[in-house]
Amino acid sequence: MLLFDFSNDDQQATRFGDVKGRYDLGLVVAAMLLASLGLVMVASSSIAIADGQHVGAFYYLYRHVAFLAIGLVASLVMARIELSWLERNALPLLLCGAVLLLLVFVPFIGVRVNGARRWIRLGFVGFQSVEAVKILLVVYMASYLVRHRDNLQGKLLGVIKPLGIAAIFAGLLLVQPDFGSATLLMAVTLGMVWLGGARLRNLALLGALALPVLAGAALSQDYRVKRLTSFLDPWADPFKDGFQLTQALIAIGRGEWTGVGLGASVQKLFYLPEAHTDFILAVLAEELGFAGIVLVLVLFAWLVGRGFAIGLRAVEQNRHFAGYCAFGVSLMLALQALVSIGVNLGVLPTKGLTLPLVSSGGSSVMMTCAAIGLLARVSYEVSRAENAMLQVISERQALEVRP
Amino acid sequence: MNARTKPANTRTRLYAVFAVLGLASSALVVRAVDLQVVRKDFYQEQGDARYLRDIDIPVSRGTIFDRNGEPLAVSTPVESIWANPMELLEHADRIGELARAAGLDEESLKERLVERSDKEFYYIKRHLNPDDAQAILGLGIPGVSSQREFRRYYPSGEVIAHVLGFTNIDDAGQEGLELAFDSWLAGEKGIKRVIRDRLGHEVENVELVREARPGKDLTISIDRRIQYLAYRELKAALAEHHASSGSMVILDVPTGEILAMVNQPSFNPNARGNVDPAYRRNRAATDVVEPGSTMKAFTISAALESGKWKPHTPIDTSPGTYTLYGHTISDVHNKGMIDVTGVITYSSNVGAAKIAATLGRDEMYDVFHRFGFGEVTGCGFPGESPGNLPIAKNWGPVEQATIAYGYGLSVTPLQLAQGYAALANDGRLRPPTFVKGGQAKDRAVIDPQIATTLRGMLETVVHPPGGGIKAAITNYRVAGKTGTSRTAIGGGYQKKYISLFAGMVPATAPRLVGVVVIHDPQGAYYGALVSAPVFSKVMDGALRLLDVPPDDVQNWYTASPDSGHTVRMARQAPDGAQVEPDYAEGVPE
């Protein structure tokens, strides 16, 4: 039985010294394909906007490339950090995240854009704290779930505690305000708690309790109510509250099955606000049509599917921290992609969420890359553990067959 | 907790997550199909409504040429600077820069932009020359663009301003021939359907809705040289006699083409500004005058047509007055016993009145009407007046008598020219036209024999002792009639005079008819003194410009080259020779 217990394979890996793992190829390819598609769409959707702002037609493209490059470095770094180190330092890292979230409220450091304090001034670019917090919370939550697995799978309180921690961050985000990210954090935590083994009964109970709170938060601000109602019927006021969404819907409707052709979008010509960031999918749908939407969904399904598969393998190896990290990151990517696409298609209220890896947006691009680096790390350690096991087996077999 | 069961448990839970994600994805796919396939028409219509625009393709207005191909009205391309107020106001800090470049007041520009902040189009400045427009565009101010337009330019300026009229800033004819021939000159703007981005830039041509049809050129009947000559002489005469206004019309007899039509005061159509509208009237066609003695030619035509009178039928005009139902009609001088020709020669009001008394009023009305009085000429000039010829049944004996010598009816100078042209054209009236080669069908209005006779009578006017000797032209025989009338005002007459001359040259085979009307000359006011010399000078020049062969060459051959002047003086009345006034004070009341 001990043969299959790799819970302390660190010692074994140390013992066998140079045992190496492999990064999951499918994960990397899916991520690269998505990033490439994103690059093309950012180029297509931002040229007119950049030109209109007199910053050079390729301003946003160059920025995007730069951030992808930084993201690549970040992912390589993440892919080389031992998960055990992350696990040990999960709490201090989360506290760093909390500091980042608080910094946005500090004058001269935090930047206010469109009435929301979401950015930290970093020289010439702004950094969106929440993007880092997303990963740090996933890592912390993974470590928490490992440490409190028994509680989690038992009492109601065991479920409330991790959700409560996430709720603190969600609360901070609501102050910014960033309702979309707050919801996303809660949803990801909920998903992790579920995958961590929380009882359905407890979650249902909690959900029943949380629903009125969420509804209250949603309806407490006029603009949120407006967003909610305008998304239900954007054509009621297509030139004010429903402006962005109606423009997105027009773009999508123009796309038909195969699109108007790459680069031929009209809606990106100043009609659709945020065409290269939050609403890049609408431009994609206009230029590449229904086929484009399906392509995006398939690529995300592939990416996220690899992520969950890696996580499952990790959990099955009893490497729960690695597994939960993979689950959390996969959930984060999946949910954010679904929400972003949903917003573009007009089935969810406008949230201000980017489409991971595809949208232009510095912090999002960098941190998504880092998150994929983390997934890659998990895949590496899973494969390393398998290699170590094979090595042990082959060594034992070698001993056994010796006459 | 059994460690072995947990992985399986996680797997199950993961499948639940997959189910949720899969369900959500499927919902999105369904939604995408709904948007992109099922309801695409609605969204595409909405999109088209936002950025499909029908744009005018500007066309240039046709050029107006004179009869010799000289350009009289040309369109030059100019640029008009416009802005999208919505977009410009987002860069309000640059409005000052724009205002300075366009020479506008910054505050008022900003105010006007704010007023139109919900609009997408506002003209900043129109009709700039392309260099100036480029200088403004070069500033790269967001929301500022230019539009090609055409500006009308009139090289001949005030000389032909009344005839041509002018266009407004949108290149649409407003007055004169620019208005009359607007659809011909303007052509038809093309329309193209384009896709525009939200800032108004065209990004794609979708289709040509209507092809542009450029305006067609127009060659008019005016001869710029004669026009200039007439303008110069009329203006000089007005200055000399301190007159208030005046007109001159010259017709080409065989075709009815208007060779010249000038008015004073005039205006510069290239810089109209706030010119007094009175200066813009083409008085020759729109203003009426009482024709005075010039009308006697038609009275005598009626008399000859009646058969009751012959050119030499005697008529007693002594004692130079004639009282009719308490109204006294008087001549300037008592000429005693004269004949019908003498009535023309001496411009006898008494003679004309006595002749008219023998004619039926319907008969007389009919002749006048046939000569085109009381109706517009059909030249098509906008705002042309039909004049006023009272209908015959309203004529009493006094009215008939006064109408006989040109009071109690009113005519335009153009109508008068048309009437004289009918006499010149052997009794066939051809309505005047402004278009070269645009001659209208003529019609017989009087027996050719009568027309010829009348021309002979009118010739006597230009020779002593006739009243119009100042209208004489060297080497050409002139037939014409002077006239003087008082300005009618509110049913009465005031002490302001209108001096007229209507005539034709060369009298043997008339080619040109000219009418001169001068209002309110100071000092000597007789037509013989004020208008006749203008006629002489202009027609003299016009005949030579048109290469009309002289018909009075006997003196040409007899005179030595350096004595031409003497010959001319011999043919014409010497300066200071007495000119018989054709107007008697206090006649019409």
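The values are calculated or read from the model by the stated rules, or taken from the named source; none is laboratory data. Not measured: the values here are computed from a predicted model. Counting neighbours? That spans all protein chains shown, and the Cβs are built from the backbone with ideal geometry, glycine included. We work out accessible area using only protein heavy atoms, side chains counted, and drop any ligands, DNA or RNA first. Shrake-Rupley method; radii C 1.70, N 1.55, O 1.52, S 1.80 Å.
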**Study point:** Residue count, the range A:252-275 (criterion: more than 8 Å from every other protein chain (Cβ to nearest Cβ) and open to solvent by less than 20 Å² (accessible area, probe 1.4 Å))
**Key:** 4
Review point. In the range B:193-224, which residue that is part of a strand (DSSP E or B) and modelled with pLDDT of 85 or more is farthest from B:Thr76 (Cα to Cα)?
Key: B:Ile220
Review point. Applying the selection to the range B:19-40, what residues are small (Gly, Ala, Ser) and more than 9 Å from chain A (Cβ to nearest Cβ)?
Key: B:Ala19, B:Ser26
Revision key, fill the gap. When restricted to A:Val29, A:Val111, the only residue surrounded by 13 or more Cβ atoms within 10 Å (Cβ to Cβ) and assigned to a strand (DSSP E or B) is A:Val111
Revision key, fill the gap. Conditions (1) more than 10 Å from every other protein chain (Cβ to nearest Cβ); (2) over 17 Å from B:Gln46 (Cβ atoms); (3) of a type in the set (Phe, Trp, Tyr) -> A:Phe290 fails only (1)
Exercise for review: Looking only at the range A:94-108, count how many residues are open to solvent by 70 Å² or more (accessible area, probe 1.4 Å) and of a type in the set (A, V, I, L, M, F, W, C).
Suggested key: 5
Check your understanding: Out of the range B:317-344, which residues are acidic (Asp, Glu) and either part of a loop (DSSP other than H, G, I, E, B) or at pLDDT below 90 (or both)?
Key -> B:Asp331
Point to revise | For A:Leu27: the one exception among (1) at pLDDT below 85; (2) touching a helix residue (DSSP H, G or I) at 6+ places or on another chain (Cβ under 8 Å); (3) over 30 Å from A:Pro273 (Cα atoms) | key: (1)
Exercise for review: Return a yes/no flag: does the range A:128-138 have any residue that is in contact with a Phe, Trp or Tyr (Cβ under 6 Å, 6 or more places away or on another chain) and polar (S, T, N, Q).
Suggested key: yes
Check your understanding: Does A:Val315 meet the test of being part of a helix (DSSP H, G or I) and buried (at least 24 other Cβ atoms within 10 Å of the Cβ)?
Key -> yes
Review point. Within the range A:183-210, how many residues turn out to be of a type in the set (A, V, I, L, M, F, W, C) and farther than 22 Å from A:Ser340 by Cα?
Key: 12
Revision key, fill the gap. A:Ser364 passes all but one of the listed conditions (1) farther than 30 Å from A:Leu232 by Cβ; (2) more than 9 Å from every other protein chain (Cβ to nearest Cβ); (3) not acidic (Asp, Glu); the exception is number (1)
Review point. Given the structure, is A:Leu249 more than 13 Å from A:Thr350 (Cβ to Cβ) and among the hydrophobic types (A, V, I, L, M, F, W, C)?
Key: no
Practice item. Would you check which residues across the range A:276-307 are free of Cβ contacts under 8 Å to residues at least 40 places away in the same chain and either over 22 Å from A:Gly373 (Cα atoms) or surrounded by fewer than 21 Cβ atoms within 10 Å (Cβ to Cβ) (or both) and list them? Key: A:Glu286, A:Leu288, A:Gly289, A:Phe290, A:Ala291, A:Gly292, A:Val294, A:Val298, A:Ala301, A:Gly305
Check your understanding: When you go through A:Ala215, A:Ala208, A:Ala198 one by one, which is the residue that is buried (at least 21 other Cβ atoms within 10 Å of the Cβ) and either without any contact (Cβ under 8 Å) to a residue 12 or more places away in the chain or within 14 Å of another protein chain (Cβ to nearest Cβ) (or both)?
Key -> A:Ala198
Exercise for review: Go through the range A:326-340 and give me each residue that's small (Gly, Ala, Ser) and surrounded by fewer than 24 Cβ atoms within 10 Å (Cβ to Cβ).
Suggested key: none
Practice item. Kindly establish whether A:Phe321 is among the aromatic types (Phe, Trp, Tyr) and facing chain B (nearest Cβ under 9 Å). Key: no
Review point. Just one of B:Val262, B:Val253 is within 19 Å of B:His519 (Cβ to Cβ) and away from every other protein chain (no Cβ under 14 Å); which is it?
Key: B:Val262
Practice item. Six or more apart or on different chains, Cβ under 7 Å: which pairs go from a residue in the range B:489-505 that's modelled with pLDDT of 90 or more and among the small types (Gly, Ala, Ser) to one that's open to solvent by 10 Å² or more (accessible area, probe 1.4 Å) and outside any strand (DSSP E or B)? Could you list them? Key: B:Ser499/B:Tyr525; B:Ser499/B:Tyr526
Practice item. Return yes or no: is B:Val163 more than 14 Å from every other protein chain (Cβ to nearest Cβ) and either touching a residue at least 12 places away in the same chain (Cβ under 8 Å) or in a loop (DSSP other than H, G, I, E, B) (or both)? Key: yes
Check your understanding: Does B:Ser117 count as at pLDDT below 80, of a type outside the set (A, V, I, L, M) and open to solvent by 10 Å² or more (accessible area, probe 1.4 Å)?
Key -> yes
Exercise for review: Test B:Leu104 against the criterion of being in contact with a helix residue (DSSP H, G or I) (Cβ under 7 Å, 6 or more places away or on another chain), surrounded by fewer than 18 Cβ atoms within 10 Å (Cβ to Cβ) and not charged (D, E, K, R), and give yes or no.
Suggested key: no
Exercise for review: Check the range B:189-210 and report whether any residue there is touching an Asp or Glu at 6+ places or on another chain (Cβ under 8 Å) and within 30 Å of B:Leu543 (Cβ to Cβ).
Suggested key: no
Review point. Quick check: anything in the range B:41-55 away from chain A (no Cβ under 14 Å) and touching a residue at least 60 places away in the same chain (Cβ under 8 Å)?
Key: yes
Practice item. Tell me, please, whether a residue that is out of contact with any strand residue (DSSP E or B) (no Cβ under 6 Å at 6 or more places or on another chain), within 14 Å of another protein chain (Cβ to nearest Cβ) and open to solvent by 90 Å² or more (accessible area, probe 1.4 Å) can be found in the range B:175-186. Key: no
**Study point:** Number of the exception - B:Tyr123 against (1) of a type in the set (Ser, Thr, Tyr); (2) outside any strand (DSSP E or B); (3) within 30 Å of B:Ala161 (Cβ to Cβ)
**Key:** (2)
**Study point:** Of all residues in the range B:199-222 being touching a helix residue (DSSP H, G or I) at 6+ places or on another chain (Cβ under 7 Å) and either more than 14 Å from chain A (Cβ to nearest Cβ) or of a type in the set (Val, Ile, Thr) (or both), the one that is surrounded by the fewest Cβ atoms within 10 Å (Cβ to Cβ)
**Key:** B:Lys216
Revision key, fill the gap. Listed by first then second residue, the pairs whose first member lies in the range A:49-66 and is closer than 21 Å to B:Glu90 by Cα and touching a residue at least 60 places away in the same chain (Cβ under 8 Å), whose partner is part of a loop (DSSP other than H, G, I, E, B) and hydrophobic (A, V, I, L, M, F, W, C), with beta carbons under 7 Å and at least 6 positions apart or on separate chains, are A:Ile49/A:Ala275; A:Gly52/A:Phe270; A:Gly52/B:Leu199
